1. DSSP beta bridges in the chain, what fraction antiparallel, as a percent rounded to 5?
2. Report, in cubic angstrom per residue, the convex hull volume of the C-alpha atoms of region 134-196.
3. Which ³J(HN,Hα) values, rounded to whole Hz and listed in residue order, are derived for region 33-41 from phi using the Karplus coefficients 6.51, -1.76 and 1.60 in 6.51 cos²θ - 1.76 cosθ + 1.60 with θ = phi - 60°, glycine and proline given as x?
4. Note down the relative contact order for region 43-143 as a percent, whole number, built from C-alpha pairs under 8 angstrom at least six residues apart.
5. Once the piece of chain linking Lys34 and Phe127 is laid out straight, how much longer is it, given 0.36 nm per residue of separation minus the C-alpha distance between them?
6. Using alpha-carbon pairs under 8 Å, 6+ residues apart, how would you state the relative contact order of the chain in percent?
7. Could you look at the chain and say what percent of its accessible area is carbon and sulfur, using a 1.4 Å probe and all protein chains?
8. So for Arg117, Arg96, what's the accessible-area order with a 1.4 Å probe, most first?
Amino acid sequence: MNVVYLISTGNNKNNIEYLHINLDYKFLSLTNHKVFDNISDMLKDIDNIYTSEEIKNIEAGIYFGTKNKINVKVDNNFNCLKYNNKTEEEIEELERKQVKDFDYKLNSESINDVKKRASSALKLILFHKPDTTSVVITSKSVIIALLSIWCEVGLNYDNNIIMNYKDNTIIDGIWNKPLIFKLCFEGKDLLSLEKVDY
C-alpha cells in the first residue's frame, strides 16, 4: 500500500521585512516554521518528499528531509497555478473564479490544467515507489485539483468550494492555514482519503 500526504503551507502573514527590494517569492512565516517542525514530528517514517518550486514549500519539506534523513525532491509538476503578470488582488479574485469553474483561465492555467500535470506526477510516485509513504508539499490550488479526482465538488452556503469524499466533508471553503490530507492507495486505486488534524 502507498500512503501519500498532500500538505499545503497555506497563506500566511509573513513577519519577514524586505528592505529596499521587492521579491516575487514568499518564505515560510516564523509561525509556520513551528507548525512544520511539529507536523514533521507527527508524520514519521517518510520515504519520499516532493515539493513545488515555491521557496516556502521547499522550506517546509526540509523539516521532513532532516528528520527522515532523505533528500527533498523538487518537482515543477506540483507548482501552483501559473499566473502571468497579476497583482496579489487580481490573483485572489482569479482563484475565487477558478474554484467555481475548473476550466476558467485568464492569462493563466485552469485548475483542470493543473490536475493533468499534478496527477501525472502523482501516478509516477505510485508506480515507481510502491509500498512507500510520501509527502507532497504544494499549494491549495494543486491540492484542490488532485482531490477533485476522487471528491464530489460543489459550492457551500458562502459560495465557496466544498469537497466531499464518501459523504465526509474534506474541504469547506478556502483555507489559509497549513492543511494535511492522507491518501491511501492500492496500486493506482484510492482506498481512503481523510483530513489529518495536527
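The values are calculated or read from the model by the stated rules, or taken from the named source; none is laboratory data. Quick caveat: nothing in here was measured; it's all calculated off a predicted structure. Every residue, glycine as well, gets a Cβ built from its backbone with ideal geometry; the counts of neighbours run over all protein chains shown. Only protein heavy atoms, including side chains, enter the accessible area calculation; ligands, DNA and RNA are left aside. Shrake-Rupley method; radii C 1.70, N 1.55, O 1.52, S 1.80 Å.
1. 65
2. Working: hull volume 5.7 nm³, N = 63.
It comes to 91 Å³ per residue, whole-number rounded.
3. Listing the rounded values in order: 4, 5, 4, 6, 4, 6, 5, 5, 6 Hz.
4. 38
5. That works out to 30.2 nm of additional length.
6. 31
7. Reported share for carbon and sulfur atoms: 49 percent.
8. Working: Arg117 35, Arg96 110 Å².
From most accessible down to least: Arg96, Arg117.
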